[in-house]
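The values are calculated or read from the model by the stated rules, or taken from the named source; none is laboratory data. All of these numbers come straight from a predicted model, not from anything done at the bench. Here the Cβ positions follow ideal geometry from the backbone for every residue, glycine too, while neighbour counts run over all protein chains shown.
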Amino acid sequence: MRVKSGPKAKNRRRKVLKLTEGMTGRKRNANKVAQEALDRAMNFNYRHRKQLKRNMRQTWVTRLTAASRARGLSYSQVIGALNKANISINRKMLADLAATDPQNFNAVLKAAGIQIA
């Protein structure tokens with residue numbers, strides 16, 4: 001006797017179509033095309049979540065480099081001095097300090113034993 005999946009298959013298809021709601025053309029209303037579009041979109045989503053982390057760190061390092069250069073130092077000198085002084089503050093917080101609160105950034109550098117030019 002043949003058994004159809006019934007509600008399970010219907011729910012699975014409905015879930016896919018719900019996720020492809022904002023897409024154009026057959027991608028939003030044809031099951032097979034929608035599934036392919038959803039697989040592709042989910043792969044891009046996964047990849048870009050990883051890339052975002054890289055891009056943000058790159059941005060923080062760039063900001064720290066600019067702040068360091070303004071004080072006559074290089075980025076590696078600042079990070080090296082912070083590590084040597086056992087000051088564990090992440091690049092995100094350092095970049096935020098450098099951009100919004102230069103006095104406290106200078107204080108952190110002085111605590112690390114860096115002479116600011």
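Structure values in brief
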quantity	calculated
Scan of segment 87-117 for residues that are closer than 26 Å to Asn55 by Cα and either part of a loop (DSSP other than H, G, I, E, B) or of a type in the set (D, E, K, R) (or both), ordered by number	Ile87, Ser88, Ile89, Asn90, Arg91, Lys92, Asp96, Asp101
Residue identified as surrounded by 14 or more Cβ atoms within 10 Å (Cβ to Cβ), within 30 Å of Ile116 (Cβ to Cβ) and of a type in the set (S, T, N, Q) among Thr20, Thr59, Thr65	Thr65
Near pairs, Cβ below 9 angstrom, 6+ apart or cross-chain, from segment 7-28 (free of Cβ contacts under 8 Å to residues at least 12 places away in the same chain and over 18 Å from Asn45 (Cβ atoms)) to any residue that is outside any helix (DSSP H, G or I) and not aromatic (Phe, Trp, Tyr)	Arg12/Ser5
Near pairs, Cβ below 8 angstrom, 6+ apart or cross-chain, from segment 79-91 (small (Gly, Ala, Ser)) to any residue that is surrounded by fewer than 16 Cβ atoms within 10 Å (Cβ to Cβ) and outside any loop (DSSP other than H, G, I, E, B)	Ala85/Ala111
Within segment 83-115, tally of residues that are over 27 Å from the mean Cα position of the chain (by Cα) and loosely packed, with under 12 Cβ neighbours inside 10 Å	5
Matching residues in segment 39-82 - criterion: being over 22 Å from the mean Cα position of the chain (by Cα), in a helix (DSSP H, G or I) and either more than 19 Å from Leu97 (Cα to Cα) or of a type outside the set (Gly, Ala, Ser) (or both)	Arg69, Gln77, Val78, Leu82
Among (1) on the phi > 0 side of the Ramachandran plot; (2) surrounded by 11 or more Cβ atoms within 10 Å (Cβ to Cβ), the one test that Gly25 misses	(2)
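Matching residues to (1) closer than 30 Å to Met93 by Cβ; (2) at pLDDT 95 or above:
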residue	(1), (2)
Ala9	no, no
Leu19	no, yes
Lys32	no, yes
Asp39	no, yes
Asn43	no, yes
His48	yes, yes
Met56	yes, yes
Thr59	yes, yes
